[in-house]
Amino acid sequence: MWFKHLIPGYWILSILFITTVKGQSINTRLSREIDLIFNEKSLVDHVEIESILYGLSGNTETRKEVHYFNERQRAISGQSYFVERGYRGSYQNEFRDDTLLVKQIVFSSGPYNQNDKSVIVYHYDQNNFLIKQIKTEGETDIYKEMEYLNDEKGNPIKLEIDGGKYGYEAASYDYPNNIVYTSIVNAQNETISTSKGLIDYTVKNPKYEYNEYGDSVDTETYKFSYKYDDKGNWIKRTRKNKKRNKTDQVITRKISYR
């Protein structure tokens, strides 16, 4: 389920990404932010993150973030800044019992969206599975209401936006193999695209190589190297593109503990 973020040995800190809600989909609801996975032996108060992407032409894209967490390790607020593009964003989350997200306020600004504010309210069923999110404030020509139909595990099998006027997204799950299959269906009930992805991004892939901390060091596409703090959390991760034989991403984290 989207909000059940605890796995053995780790805190996966709950956060919604600071992106436009237009990007919301079944896959983004399932996905976890790998930069916000920490060893559960200690509690995080806040983390500062700098991510640098290196493009093919030598250009770079730098993103700086900071996220603050409550005692239950849920993200309560944060900011992000895309240096080269000049985009800024921030969020504030409200929780029920410090764990279940019920309201989010998102602010964003930049060259094309000055001082935009959105307020999103989340609704759940008796199992605390997310069934609806409603934008009560902000730009609504992208969406006003999203409704989810979930399976017995709480994962979405159908997503409709504004009563299905755009069509819907459907999903089926191969749990033994950790794969989700999704399809986009338009308002005329025609399938216009299909894709597959991972259900749980924290599950180890038997084809990959991992280090003693449980972090991947060799995958089909990338090699990774790390530096760790004394609590076993990585504070620098370098990604090397195997095909290009070049480093294409470096992420540093400054972690402050409770």
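For residue 213, state whether it is closer than 27 Å to residue 246 by Cα and either assigned to a helix (DSSP H, G or I) or in contact with a helix residue (DSSP H, G or I) (Cβ under 8 Å, 6 or more places away or on another chain) (or both). Give the derivation first.
On the way: closer than 27 Å to residue 246 by Cα: yes; either assigned to a helix (DSSP H, G or I) or in contact with a helix residue (DSSP H, G or I) (Cβ under 8 Å, 6 or more places away or on another chain) (or both): no.
Here the answer is no, as residue 213 does not meet what is asked.
The test for being outside any strand (DSSP E or B) and either hydroxyl-bearing (Ser, Thr, Tyr) or in contact with a strand residue (DSSP E or B) (Cβ under 6 Å, 6 or more places away or on another chain) (or both) holds for residue 35.
So which of 157, 142, 131 ends up being under 21 Å from the mean Cα position of the chain (by Cα), more than 30 Å from residue 252 (Cα to Cα), of a type in the set (Val, Ile, Thr) and modelled with pLDDT under 95? Steps first, please.
Working: 157 fails: modelled with pLDDT under 95; 131 fails: modelled with pLDDT under 95.
The unique qualifying residue is 142.
Across segment 124-136, the qualifying residues are those that are outside any loop (DSSP other than H, G, I, E, B) and of a type in the set (D, E, K, R), and the one among them that is surrounded by the fewest Cβ atoms within 10 Å (Cβ to Cβ) is 132. For segment 234-242, the criterion of a residue being more than 22 Å from the chain's Cα centre (by Cα), of a type in the set (Lys, Arg) and modelled with pLDDT under 95 is satisfied by no position.
Return the total of residues in segment 137-170 being of a type outside the set (S, T, N, Q) and either in a loop (DSSP other than H, G, I, E, B) or touching a helix residue (DSSP H, G or I) at 6+ places or on another chain (Cβ under 7 Å) (or both).
Here is the first cut: in segment 137-170, the ones of a type outside the set (S, T, N, Q) are 137-139, 141-149, 151-154, 156-170.
From what's left, either in a loop (DSSP other than H, G, I, E, B) or touching a helix residue (DSSP H, G or I) at 6+ places or on another chain (Cβ under 7 Å) (or both): 138-139, 141-145, 151-154, 156, 159, 165-167, 169.
Number of matching residues: 17.
Filtered by the rule that a residue be among the small types (Gly, Ala, Ser) and touching a helix residue (DSSP H, G or I) at 6+ places or on another chain (Cβ under 8 Å), segment 171-196 gives 171, 187, 195.
For segment 157-181, a residue qualifies if it is over 19 Å from residue 203 (Cα atoms), in contact with a strand residue (DSSP E or B) (Cβ under 7 Å, 6 or more places away or on another chain) and open to solvent by less than 40 Å² (accessible area, probe 1.4 Å), and the qualifying residues are 159, 162, 167, 169, 170, 171.
The values are calculated or read from the model by the stated rules, or taken from the named source; none is laboratory data. Quick caveat: nothing in here was measured; it's all calculated off a predicted structure. No Cβ is skipped: glycine too gets one built from the backbone with ideal geometry, and neighbour counts run over all protein chains shown. Ligands, DNA and RNA are stripped out before the accessible areas are found, and what is left, the full protein with its side chains, is counted by its heavy atoms. Shrake-Rupley method; radii C 1.70, N 1.55, O 1.52, S 1.80 Å.
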